[in-house]
Amino acid sequence: MSHFRPALVLLLLFTALTGLVYPLALTGVASVVFPRQAEGSLILRDGQPIGSALIGQNFADDRFFQPRPSATSAPDPQDPTKTIDAPYNAANSSGSNLGPTSKTLIDRVQAAAEAKRAAGWQGPLPADALTTSASGLDPDISQQNALAQVLRVARARGMDEARLRALVEAQTSGRWLWLIGEPHINVLKLNLALDALE
């Protein structure tokens, strides 16, 4: 009994510290230092949130630039023991876990390449146009990916290709500290800027 009381007190103390005080303190600091990020990096249109700069969305219409493919899934409504494809399902971030020698992956990439060519994508198709990210929620694409889509989007909207190429250039974010990462484009922001052109 002499050990029980101190153990219980320590359990309650550390539960309060690590389960309440620490998370609330971090949330408070984040809200002050990084308010936009702490709120989810929301993107607003007319004062209403339409998405997050951190989570990809599915744009299937040819009038929009399309994001990187997603391998996220959701429970099958017909059989909860199985899953179905649910692209950009933020509640179930996941990759496909298929290796480079997987026939399933090779077939999927080949089918995606053929479909993109048939839809009017031009030039060499970059890897991020055909493969999923580790999270399945990547909101960004490479500049090469966006440029490969210019002809398709221009045809669907009846716009000048040069104008769309200029938009892609304007929406491209460079490397972090000029060294880390690759130039990339947030698809949601690009599509909002695209809508604003018309």
PHE59 and SER102 label points (each 7 Å along its Cα→Cβ direction) are spaced in nm at 2.7
Classified through the alpha carbon gyration tensor (a ≥ b ≥ c as square roots of its eigenvalues; rounded if a/c is under 1.5, else prolate when a/b is larger than b/c, else oblate), the stretch 1-108 comes out oblate
Here the FRET efficiency for SER93 versus PHE34, based on Cβ atoms and R0 = 25 Å and rounded to 0.05, is 0.75
Rounded to the nearest 10, the angle in degrees between the Cα long axis of helix 187-197 and the longest principal axis of the Cα atoms of the chain comes to 50
Zone reached by a paramagnetic label modelled 7 Å from ARG45 Cα along Cα→Cβ, restricted to the stretch 135-174 with backbone N below 16 Å, covers 157
Reviewing (1) 0.95; (2) 1.35; (3) 1.15, the figure for Cα Rg over 2.2 N^0.38 Å actually calculated from this model sits under (2)
Here, VAL21 and ALA119, labelled 7 Å along Cα→Cβ, have an inter-label distance in nm of 5.3
For the chain, the charge dipole (Cβ of Lys, Arg +1; Cβ of Asp, Glu -1; about the Cα centre) points to a positive end, and the Cα of LEU164, ALA86, ASN97 closest to that extreme belongs to ASN97
The stretch 73-107 and the stretch 124-145 have their Cα centres apart by a whole-number Å value of 17
Projecting the Cα atoms of LEU10, SER133, GLY40 onto the charge dipole of the chain, where Lys and Arg contribute +1 and Asp and Glu -1 at Cβ, the residue farthest towards the positive end is LEU10
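Placing +1 at every Lys and Arg Cβ and -1 at every Asp and Glu Cβ, with all other atoms neutral, what dipole size does the chain have around its Cα centre, in debye to the nearest 20?
220
Taking every pair of alpha-carbon atoms in the stretch 135-198, give the share separated by more than 16 Å as a whole percent. Could you put the intermediate results ahead of the total?
Numbers: 908 of 2016 pairs.
Counting pairs separated by more than 16 Å, the tail of P(r) holds 45 percent.
Readers should treat all values here as calculations from the given coordinates under stated rules, not as data from a laboratory. Predicted model, so just to flag it, every value in this text is computed and none were measured. Virtual Cβ from ideal backbone geometry, glycine too; neighbours counted across all protein chains shown.
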